[in-house]
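Trainee: Dropping a structure here in structure tokens format, bear with me for questions.
The values are calculated or read from the model by the stated rules, or taken from the named source; none is laboratory data. Just so it is clear, the structure is predicted and the values come from calculations on it, not from any experiment. Here the Cβ positions follow ideal geometry from the backbone for every residue, glycine too, while neighbour counts run over all protein chains shown. These area figures cover heavy atoms from the full protein model, side chains too; ligands, DNA and RNA do not enter into them. Shrake-Rupley method; radii C 1.70, N 1.55, O 1.52, S 1.80 Å.
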Amino acid sequence: MNTFVYDIEMYPNLFFILFYDIDTRKYHKFEISPRKNDTENLARFLARNKGCNLIGFNNVSYDYPLLHYFILQLKRKLSPQKLVAVLYKKSNQLIKISSTVIKPLFKNIDLLLINHFNNKSKMVSLKELEFNLRMQNIQELPYKFDTVLTEDQIEEITVYCKNDVRATYLFYLECIDSIKFREKMSAKYNMDFTNYNDVKIGEAILIDALSKKMNIPKQDIESMRTRRSSMSIKEIIVPYVKFFSEPLKAFTTWWKTKIITETKGQFSKIPITQCQDILQYTNGKLCMKDTMLKKLNIIHKEFEFVFGTGGIHGILEPGLWKSDKDTELILVDVSSYYPNLCSKNGFHPAHFPEDIFISVIDMLYQQRMQGKLEGDNEIVKAIKLALNGALYGKSNDIFSCMYDPQMMMSVCVNGQLLLVMLAEKLIDTGFEVIQINTDGILLSCNKENKKKLDIICNNWMQLTKLKLDYDYFNLVVQKDCNNYIARYTNGKIKRKGAAFSYELEWHKNHSSLIIQKAVEQYFLYDIPVETFITNHKNIYDFMLRVKLNKGSKLYAIKDNEKLRMQKITRYFVAKEGNFIFQKELPPKNGKQRFTAVEKDYYVIPCNDLSSPYWSDEYILSEINFDYYITKANKIIEACVNLQ
């Protein structure tokens with residue numbers, strides 16, 4: 001079966017579709033316009049390849065519905081001009097209100113949906129991906145979609161479309177493992193996961209297991225919800241939560257007085273009139289004109305615990321720690337924390353019987369453990385998505401059948417308090433707790449005190465019925481609780497946060513990754529920042545991008561030149577005498593507004609690097625290395641005193 005990457009460009013006088021055969025690596029283009037009529041050729045091509053795989057970006061909601069509509073119009077025998085007009089009208093409808101085809105003639109694989117880019121927090125355009133993919137050409141649509149094109153402009157659009165198809169193909173290569181995973185899970189569970197995002201797959205597996213256990217249809221499961229008019233924190237906190245220090249005792253006493261009506265606003269922007277009893281034990285950082293506590297936090301013996309919906313966070317201080325012959329760096333980690341927390345305490349959405357829900361969690365957990373033993377990474381991943389992504393992640397989602405705010409708060413509140421209980425005991429026993437983060441505690445342990453650590457952890461496990469594991473590091477550097485790098489004793493590196501991470505998710509901004517790489521080289525291998533950066537040869541690691549919001553414009557200015565830039569503009573920071581960037585913001589109160597991009601620095605925009613003019617040698621000769629060195633040193637100084 002053939003597989004094609006494809007894209008459609010639609011204008012008042014142009015319908016253009018381009019297919020790229022990933023096996024033969026050949027392009028197949030079809031155009032309907034005043035200069036050309038490929039209607040019959042396209043119809044024959046589609047007939048020959050009926051049932052093939054079509055890969056696109058947002059193709060389920062736009063490209064394929066438009067292509068399907070083209071197929072339906074064939075029997076009308078419309079003139080080319082009329083056919084384009086009909087398709088253009090349909091295109092505008094799809095842009096305003098996206099829709100899908102219930103019975104498609106081709107299998108569509110939508111890379112946007114698979115990667116959950118339709119989620120507001122992960123939205124990313126193909127142009128942003130072109131930057132992240134380090135393509136030579138980041139090309140914006142040359143003409144607005146309502147433009148009546150000339151022949152020369154039509155030719156430009158075909159070239160633009162080819163670049164988009166190329167970008168989609170390159171991104172497809174990055175998604176092959178995700179596509180194969182969906183194929184395998186679809187076969188195992190007899191469900192079509194082709195265009196499901198990861199969490200949706202996990203939720204579907206959980207729903208399937210509940211449906212079978214309760215012996216009711218999935219549709220009935222999917223319609224279930226539990227809504228709460230109020231929730232008592234006292235009833236949510238498990239009875240064996242107990243603290244010994246005054247700050248944490250005062251905190252739990254205060255928290256148990258709370259009756260809440262929603263989950264939002266429980267961990268940040270808390271009116272100081274509502275937290276007077278604990279204010280003296282917090283960091284005192286206020287917001288909203290000093291009327292609210294910025295984040296819910298408690299300080300115990302100089303260690304600040306910060307509570308949040310994403311779990312507990314906190315660090316002792318920024319710094320660097322190394323293991324040696326006398327000291328170990330140990331991460332005490334709770335195994336499958338949230339699923340096991342639910343299982344051992346009976347946390348469940350109220351619309352599901354407790355015994356059935358917990359038995360399903362336990363069954364899935366055992367399947368995951370069996371998958372680990374058998375080396376079945378796909379089933380391990382799938383069930384992890386069900387137990388973590390769907391179980392807790394969806395419990396506060398009104399559109400999910402897992403929705404029960406009290407379950408969400410039960411997991412969230414107790415998950416944090418139990419881990420803080422362990423941290424309190426470790427701190428009071430004299431251990432240096434370096435960091436606490438969601439499901440684990442990182443500490444420095446003198447080898448003579450290892451038995452004390454084991455006793456404390458065993459007591460906690462007996463109390464909570466949860467399991468703790470140890471991981472060992474030989475180096476830890478942290479800037480704050482969301483930015484750290486650690487090296488396991490086996491050499492594996494763990495990176496977290498914008499200060500240290502350079503192997504980023506695709507929806508993140510991949511700008512100037514040379515900075516994070518230089519910081520890592522400094523801490524892990526003692527390579528000076530200046531040495532690493534000035535000798536680095538990969539030009540794409542120096543590249544940055546500007547992304548414009550609606551109504552904004554970007555100009556590159558040099559001497560008397562003022563060039564309008566694209567909405568996504570790639571650039572690097574350059575030596576003196578090059579361009580400066582100026583961003584024009586939407587007017588406010590009738591006044592024009594401007595702001596600088598990379599203030600006090602020169603830049604060179606470079607969206608199209610396909611010309612021989614843009615040689616690596618030329619770019620490296622124009623880079624302002626001091627900019628990147630300064631940025632890297634700033635991160636290092638935030639962690640340690642730079643000698």
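Trainee: When you go through Y601, Y613 one by one, which is the residue that is open to solvent by 20 Å² or more (accessible area, probe 1.4 Å) and either of a type in the set (A, V, I, L, M) or under 15 Å from N137 (Cα atoms) (or both)? Outline the logic, then answer.
Mentor: On the way: Y601 fails: either of a type in the set (A, V, I, L, M) or under 15 Å from N137 (Cα atoms) (or both).
Y613 is the lone residue from the list that is open to solvent by 20 Å² or more (accessible area, probe 1.4 Å) and either of a type in the set (A, V, I, L, M) or under 15 Å from N137 (Cα atoms) (or both).
Trainee: Could you list, in sequence order, all residues of the range 505-544 that are open to solvent by less than 50 Å² (accessible area, probe 1.4 Å), in a loop (DSSP other than H, G, I, E, B) and at negative phi?
Mentor: H507, H510, S511, L513, H536, M543
Trainee: Here's something else I'd like to know. Of the residues that sit in the range 259-287 and are among the hydroxyl-bearing types (S, T, Y) and not in a strand (DSSP E or B), which one is nearest to the chain's Cα centre (by Cα)? Reasoning before the result, please.
Mentor: Taking the range 259-287 first, the residues among the hydroxyl-bearing types (S, T, Y) are 261, 263, 268, 273, 281-282.
Retained after the next criterion (residues that are not in a strand (DSSP E or B)): 261, 263, 273, 281-282.
Numbers: T261: 29, T263: 22, T273: 36, Y281: 34, T282: 31 Å.
Among them, the one singled out is T263.
Trainee: Shifting gears a bit: Quick check on V476: is it under 27 Å from the mean Cα position of the chain (by Cα), buried (at least 17 other Cβ atoms within 10 Å of the Cβ) and hydrophobic (A, V, I, L, M, F, W, C)? Show your work before the answer.
Mentor: Numbers: under 27 Å from the mean Cα position of the chain (by Cα): yes; buried (at least 17 other Cβ atoms within 10 Å of the Cβ): yes; hydrophobic (A, V, I, L, M, F, W, C): yes.
Spelling it out, V476 is indeed under 27 Å from the mean Cα position of the chain (by Cα), buried (at least 17 other Cβ atoms within 10 Å of the Cβ) and hydrophobic (A, V, I, L, M, F, W, C).
Trainee: Considering only the range 428-469, state which residues are of a type in the set (D, E) and over 16 Å from L341 (Cβ atoms). Spell out the reasoning first.
Mentor: Narrowing the range 428-469 to residues of a type in the set (D, E): 428, 432, 439, 448, 454, 469.
If the condition is that a residue be of a type in the set (D, E) and over 16 Å from L341 (Cβ atoms), then D428, E432, E448, D454 are the ones that fit.
Trainee: Sticking with this structure for a sec: Let me spell it out: the conditions are (1) part of a loop (DSSP other than H, G, I, E, B); (2) surrounded by 13 or more Cβ atoms within 10 Å (Cβ to Cβ), and L129 meets all of them except one. Which number is the exception?
Mentor: Tallying (1) part of a loop (DSSP other than H, G, I, E, B); (2) surrounded by 13 or more Cβ atoms within 10 Å (Cβ to Cβ), L129 fails exactly one: (1).
Trainee: Still on this structure, please answer the following. Tell me which residues, restricted to the range 578-613, are touching a residue at least 24 places away in the same chain (Cβ under 8 Å), at negative phi and not hydrophobic (A, V, I, L, M, F, W, C). It would help to see each step written out before you state the result.
Mentor: Let us first name the residues in the range 578-613 that are touching a residue at least 24 places away in the same chain (Cβ under 8 Å), namely 578-586, 597-598, 601-610.
Next cut, at negative phi only: 578-586, 597, 601-610.
Of everything in the range 578-613, those that are touching a residue at least 24 places away in the same chain (Cβ under 8 Å), at negative phi and not hydrophobic (A, V, I, L, M, F, W, C) turn out to be N578, Q582, K583, E584, P586, Y601, Y602, P605, N607, D608, S610.
Trainee: Would you pick out the residues in the range 30-59 that are touching a residue at least 12 places away in the same chain (Cβ under 8 Å), surrounded by fewer than 17 Cβ atoms within 10 Å (Cβ to Cβ) and among the charged types (D, E, K, R)?
Mentor: R35, K50
Trainee: Could you tell me which of the residues K496, K492, K451 is closer than 30 Å to Y172 by Cα, free of Cβ contacts under 8 Å to residues at least 12 places away in the same chain and of a type in the set (K, R)?
Mentor: Details: K496 fails: free of Cβ contacts under 8 Å to residues at least 12 places away in the same chain; K451 fails: closer than 30 Å to Y172 by Cα.
Matching residue, one of K496, K492, K451: K492.
Trainee: Can you name the number of the only condition in (1) more than 29 Å from the chain's Cα centre (by Cα); (2) assigned to a strand (DSSP E or B) that L320 fails?
Mentor: All conditions pass for L320, except number (1).
Trainee: Does G389 satisfy being more than 21 Å from V238 (Cα to Cα) and at pLDDT below 90?
Mentor: Details: more than 21 Å from V238 (Cα to Cα): yes; at pLDDT below 90: yes.
So G389 fits the description; yes.
Trainee: Limited to the range 203-248, what total is found for residues that are surrounded by fewer than 14 Cβ atoms within 10 Å (Cβ to Cβ) and more than 22 Å from Q406 (Cα to Cα)?
Mentor: Looking only at that region, the number is 7.
Trainee: Can L548 be described as surrounded by fewer than 18 Cβ atoms within 10 Å (Cβ to Cβ), out of contact with any Asp or Glu (no Cβ under 9 Å at 6 or more places or on another chain), closer than 30 Å to H116 by Cα and not polar (S, T, N, Q)?
Mentor: On the way: surrounded by fewer than 18 Cβ atoms within 10 Å (Cβ to Cβ): yes; out of contact with any Asp or Glu (no Cβ under 9 Å at 6 or more places or on another chain): yes; closer than 30 Å to H116 by Cα: yes; not polar (S, T, N, Q): yes.
Against the criterion (surrounded by fewer than 18 Cβ atoms within 10 Å (Cβ to Cβ), out of contact with any Asp or Glu (no Cβ under 9 Å at 6 or more places or on another chain), closer than 30 Å to H116 by Cα and not polar (S, T, N, Q)), L548 qualifies.
Trainee: Take the residues in the range 15-29 that are among the charged types (D, E, K, R) and closer than 18 Å to F57 by Cα; name whichever of them is most open to solvent (accessible area, probe 1.4 Å).
Mentor: K29
Trainee: Taking the range 56-83 as the search range and keeping residues that are aliphatic (A, V, I, L, M) and touching a Leu at 6+ places or on another chain (Cβ under 7 Å), which one is farthest from N195 (Cα to Cα)?
Mentor: Taking the range 56-83 and keeping what is aliphatic (A, V, I, L, M), we get 60, 66-67, 71-72, 74, 78, 83.
Now narrow it down to the ones that are touching a Leu at 6+ places or on another chain (Cβ under 7 Å): 60, 66, 71.
Numbers: V60: 9, L66: 18, I71: 23 Å.
My answer is I71.
Trainee: Moving on. Is there any pair with a first residue in the range 238-253 that is without any contact (Cβ under 8 Å) to a residue 24 or more places away in the chain and a second that is open to solvent by 90 Å² or more (accessible area, probe 1.4 Å) whose Cβ atoms are under 9 Å apart and which are 6 or more apart or on different chains, and what are they?
Mentor: Once the first residue is without any contact (Cβ under 8 Å) to a residue 24 or more places away in the chain and sits in the range 238-253, its partners that are open to solvent by 90 Å² or more (accessible area, probe 1.4 Å) give K249/K242.
Trainee: Need pairs with beta-carbon distance below 6 Å; first residue within 13 Å of R166 (Cβ to Cβ) and within the range 11-26, second part of a strand (DSSP E or B); sequence gap 6+ or separate chains.
Mentor: Within 6 Å, the pairs are L18/D7; L18/K29; F19/F4; F19/Y6; F19/H28; Y20/V5; Y20/Y27; I22/T3.
Trainee: Let me ask something else. Is at least one residue of the range 187-202 among the small types (G, A, S), in contact with a helix residue (DSSP H, G or I) (Cβ under 7 Å, 6 or more places away or on another chain) and surrounded by 18 or more Cβ atoms within 10 Å (Cβ to Cβ)?
Mentor: Initially, the range 187-202 is screened for residues among the small types (G, A, S), giving 187, 202.
Filter once more, keeping what is in contact with a helix residue (DSSP H, G or I) (Cβ under 7 Å, 6 or more places away or on another chain): 202.
Narrowing the set further to residues that are surrounded by 18 or more Cβ atoms within 10 Å (Cβ to Cβ) leaves 202.
Yes: one or more hits.
Trainee: Inside the range 210-237, can you point out the residues that are without any contact (Cβ under 8 Å) to a residue 40 or more places away in the chain and part of a helix (DSSP H, G or I)?
Mentor: Selection gives S211, K212, K218, Q219, D220, K234, E235.
Trainee: Which is touching a helix residue (DSSP H, G or I) at 6+ places or on another chain (Cβ under 7 Å) and either among the basic types (K, R) or open to solvent by 40 Å² or more (accessible area, probe 1.4 Å) (or both), of K467, K451?
Mentor: Details: K451 fails: touching a helix residue (DSSP H, G or I) at 6+ places or on another chain (Cβ under 7 Å).
Going through K467, K451 in turn, the sole match is K467.
Trainee: Which of the residues that make up the range 1-14 are in a strand (DSSP E or B) and either open to solvent by 40 Å² or more (accessible area, probe 1.4 Å) or within 18 Å of I109 (Cα to Cα) (or both)? Spell out the reasoning first.
Mentor: The initial filter retains those residues of the range 1-14 that are in a strand (DSSP E or B), namely 3-11, 14.
Within the range 1-14, T3, F4, V5, Y6, D7, I8 qualify.
Trainee: Another question, if that's okay. Determine whether the range 325-338 contains at least one residue that is aliphatic (A, V, I, L, M) and either open to solvent by 40 Å² or more (accessible area, probe 1.4 Å) or part of a helix (DSSP H, G or I) (or both). Spell out the reasoning first.
Mentor: Step one: of the range 325-338, the residues aliphatic (A, V, I, L, M) are 329-332, 334.
Still in the running and either open to solvent by 40 Å² or more (accessible area, probe 1.4 Å) or part of a helix (DSSP H, G or I) (or both): none.
There is no residue in the range 325-338 that is aliphatic (A, V, I, L, M) and either open to solvent by 40 Å² or more (accessible area, probe 1.4 Å) or part of a helix (DSSP H, G or I) (or both).
Trainee: Has the range 74-81 got any residue that is open to solvent by 20 Å² or more (accessible area, probe 1.4 Å), farther than 22 Å from L14 by Cβ and modelled with pLDDT of 95 or more?
Mentor: Keep residues of the range 74-81 that are open to solvent by 20 Å² or more (accessible area, probe 1.4 Å), which gives 74-81.
With farther than 22 Å from L14 by Cβ added as a condition, the list becomes 75.
Those still in the list that are modelled with pLDDT of 95 or more too: none.
No, every residue in the range 74-81 fails to be open to solvent by 20 Å² or more (accessible area, probe 1.4 Å), farther than 22 Å from L14 by Cβ and modelled with pLDDT of 95 or more.
Trainee: Hey, any hits in the range 312-321 for a residue that's open to solvent by 60 Å² or more (accessible area, probe 1.4 Å), over 15 Å from Q435 (Cβ atoms) and without any contact (Cβ under 8 Å) to a residue 60 or more places away in the chain?
Mentor: Scanning the range 312-321, I find no residue that is open to solvent by 60 Å² or more (accessible area, probe 1.4 Å), over 15 Å from Q435 (Cβ atoms) and without any contact (Cβ under 8 Å) to a residue 60 or more places away in the chain, so the answer is no.
Trainee: Of the residues in the range 616-640, how many are out of contact with any Leu (no Cβ under 7 Å at 6 or more places or on another chain) and open to solvent by less than 50 Å² (accessible area, probe 1.4 Å)?
Mentor: Initial filter on the range 616-640 (out of contact with any Leu (no Cβ under 7 Å at 6 or more places or on another chain)): 616-632, 634-635, 637-638.
Still in the list and also open to solvent by less than 50 Å² (accessible area, probe 1.4 Å): 619-620, 622-625, 627-629, 632, 635, 638.
Selection size over the range 616-640: 12.
Trainee: Sticking with this structure for a sec: Among L170, L206, which is closer than 23 Å to F352 by Cβ and either touching a helix residue (DSSP H, G or I) at 6+ places or on another chain (Cβ under 8 Å) or not in a loop (DSSP other than H, G, I, E, B) (or both)? First the steps, then the outcome.
Mentor: Details: L170 fails: closer than 23 Å to F352 by Cβ.
Matching residue, one of L170, L206: L206.
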